[in-house]
1. Cβ-Cβ under 9 Å, sequence separation 6+ or interchain: first residue in region A:59-86 and closer than 21 Å to A:Lys119 by Cβ, partner of a type in the set (Lys, Arg) and surrounded by fewer than 16 Cβ atoms within 10 Å (Cβ to Cβ). Which pairs?
2. So which of B:Arg124, B:Arg133 is modelled with pLDDT under 90, of a type outside the set (Ser, Thr, Tyr) and over 19 Å from the mean Cα position of the chain (by Cα)?
3. Please determine whether any residue of region A:335-353 is out of contact with any Pro (no Cβ under 8 Å at 6 or more places or on another chain) and in contact (Cβ under 8 Å) with a residue 40 or more places away in the chain.
4. With A:Arg19, A:Arg52, A:Arg11, A:Arg100 as the choices, which residue is at pLDDT below 90 and of a type in the set (D, E, K, R)?
5. Restricting attention to region A:1-56, report how many residues are within 12 Å of chain B (Cβ to nearest Cβ), farther than 14 Å from A:Met239 by Cα and not small (Gly, Ala, Ser).
6. Which residues, taken from region B:13-40, are of a type in the set (Asp, Glu) and away from chain A (no Cβ under 12 Å)?
7. Restricting region A:7-24 to residues that are surrounded by fewer than 16 Cβ atoms within 10 Å (Cβ to Cβ) and touching a residue at least 60 places away in the same chain (Cβ under 8 Å), which is nearest to A:Met249 (Cα to Cα)?
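The values are calculated or read from the model by the stated rules, or taken from the named source; none is laboratory data. Just so you know, these numbers come straight off a predicted model, no measurement behind them. Please note: Cβ atoms are built from the backbone with ideal geometry, for glycine as well, and neighbour counts cover all protein chains shown.
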Amino acid sequence: MSMRNIGVVFRKELVDSLRDRRTLISMVVVPILLMPVLTIGMSALTIRLVNRARQDVPKVMILGGQDSPRTVTALKQAPGVEFVAAAENYKDEIIEKRVRAAVEIPPGFDAALESGETKKISIYYYEGEIRSQFASQALQGFFRSLRDRTVSQRMAARNIPETLLKPFDITPQNVAPPEKVGGNILGGLIPYMVILLCLTGAMYPAMDLTAGEKERGTMETILCSPISRTHLVLGKFLMVLTAALATAMLSIASMAVSFKYAKSSAGGQMADARRAAMANLTLDPKGVIAVFAMVLPIAVMFAAALLAISLFAKSFKEAQSYISPLMIVVILPAVAAMLPGIELNTRLALIPILNTSLVSKEIVTGTYHWNYIAIIFASSCVYAAIALFVAVKLFQREDVLFRA
Amino acid sequence: MIETQDLCKNFKDKKRGLVKAVDNVSLRCQPGQIYGLLGANGAGKTTTLRMLATILTPTSGSAKVAGFDVVAQPQNVRHSVGFLSTATALYGRLSALEMVQYFGRLHGLDEGTLAQRIGEIFTRLEMNEFRDRRCEKLSTGMKQKVSIARTLVHDPPVMIFDEPTMGLDVMTARTIVAFIRECRQRGKTVIFSSHVMSEVEKLCDHIGIIHNGKILTEGTLDQLRQRYAMTDLEDIFVHVVGDGR
């Protein structure tokens, strides 16, 4: 094994790739810009949209209630909603978003409140539509407090103490340290992004260094030089790996800066729990190094697999059509790790990508399961070695190198 | 020196089944001599030359280049060979200088020798003016010079040219032809493939006519003229290939 030869190939590929605009975009521009957009941009946009929806006063219809003037009068004074005249087609109006919600007061409601009879109030709204949900919440709030007031009055009339209905209080108390809460909310995103960016960062150089060479006619030029094909593929592999890791490192650096900025600027506008989580979510250098160590074999696997797949292609375009579906194969397990309720176990620890994603999520929140970390690192190394072996073997096959 | 004995190369083709691209080719080319492999497209010229350059492995038979076996000592063979074809393109994003340096380093030259060799070649081929320009920005003629410099950087005793003038304009093609002659003068062993009769007629000391992977006839131009009682190489070629069909 000649390290000199591998080094010569690596240096040339590095210079060549750094002069390629597509590689530069995927390796440098995307990770640096994507992170601030995702962290600051998306959260700022969400906050802004929710606030705007909150400021809008939703239009609401009252259906029925002609014989219950007391309730209707009180309801019309409820804050946060604007009442419009009732219409037959109230459901269509809600679906068309001209009216956000409607409340149906059954006949004899005021009388029923007096007599103690039970009646049903129906609220019509558009599930998943934020302004409609605000309107529905306002209406529910009004009727809940009316119900509470009615209960208090009835108990007072019968001389029954209110504690009869409320024998104890329930207070949920969070014991998870704030950094772990933050980790759970946003921590899943970090390994996901690092893994995905490792893949996207490696994609263009992998295609350029193999299918690109075939397309441009330089493959034959390099094959007639005395370098062995194993050294050639290892030099190329190191370049693709460098691109993958550089992309991931830049994304982490960009993310650290974005978090710092997001905490100071957008934090004030966030909901309390999220703000607390955000304020405590700092990227602990030890955690970041550990995540990188876990992602390293995955990056090796990506680099080798992408090289092998794109070497098989005759042209850059063909390589793209092979590699695009691979994105989904990688995204699925990485996304699965972000789903709530998925926890590491021995079986999941053997599934590539998903295992690293899960264990990295825990590492980010400061939890280190050393037995899982060992299994996952070892299994990822095995997958990476297989991918690299396949790539080296494919470079020896002339039917692949000269596929017509 | 190039010497092949019953060299064969088979390919598997989905439609045609087993294809004998090169079928028992035996040839010999001496130092200071140009061997011309003359054949139509698909005759087996490129495959033969690729085997000599160790880019492809023979299915059977043997070949020795500069005394090294193409199967057992492929790296030694590649160290001894300069291979130039229209398919051997340049790295567009490297400069002319970087391109030649890269191949010099791959041939194991130390930086001192490399700098000296590049200085000589760049001066001889008048390349200094564009040495720092990226290959993608060069004219066809300049690109050919860079390719020539790439094949010469390690000063190989054997040169293999696979249709080196295909698709080139007259002036660029003349540069290549002159370069091939110069190789012979310097005592290098040269093998050259073409389907252009005039080029082969002008350049080659020894001619082999290849068709369907087989060498149908070979000899000096005079020997071929005598053998077939014809003066024009094209007539000889059509006559030989016609018989071979």
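1. Short answer, once both residue conditions are applied: A:Ile62/A:Lys76; A:Phe83/A:Lys76.
2. That would be B:Arg124, the only listed residue that is modelled with pLDDT under 90, of a type outside the set (Ser, Thr, Tyr) and over 19 Å from the mean Cα position of the chain (by Cα).
3. yes
4. On inspection, the qualifying residue turns out to be A:Arg52.
5. 3
6. B:Asp23
7. A:Arg22
Matching residues to (1) surrounded by 20 or more Cβ atoms within 10 Å (Cβ to Cβ); (2) closer than 22 Å to B:Ile2 by Cβ; (3) touching a residue at least 60 places away in the same chain (Cβ under 8 Å):
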{"site": "B:Ile209", "(1), (2), (3)": "yes, yes, yes"}
{"site": "B:Asp222", "(1), (2), (3)": "no, yes, no"}
{"site": "B:Arg225", "(1), (2), (3)": "no, no, no"}
{"site": "B:Met230", "(1), (2), (3)": "no, no, no"}
{"site": "B:Asp235", "(1), (2), (3)": "no, no, no"}
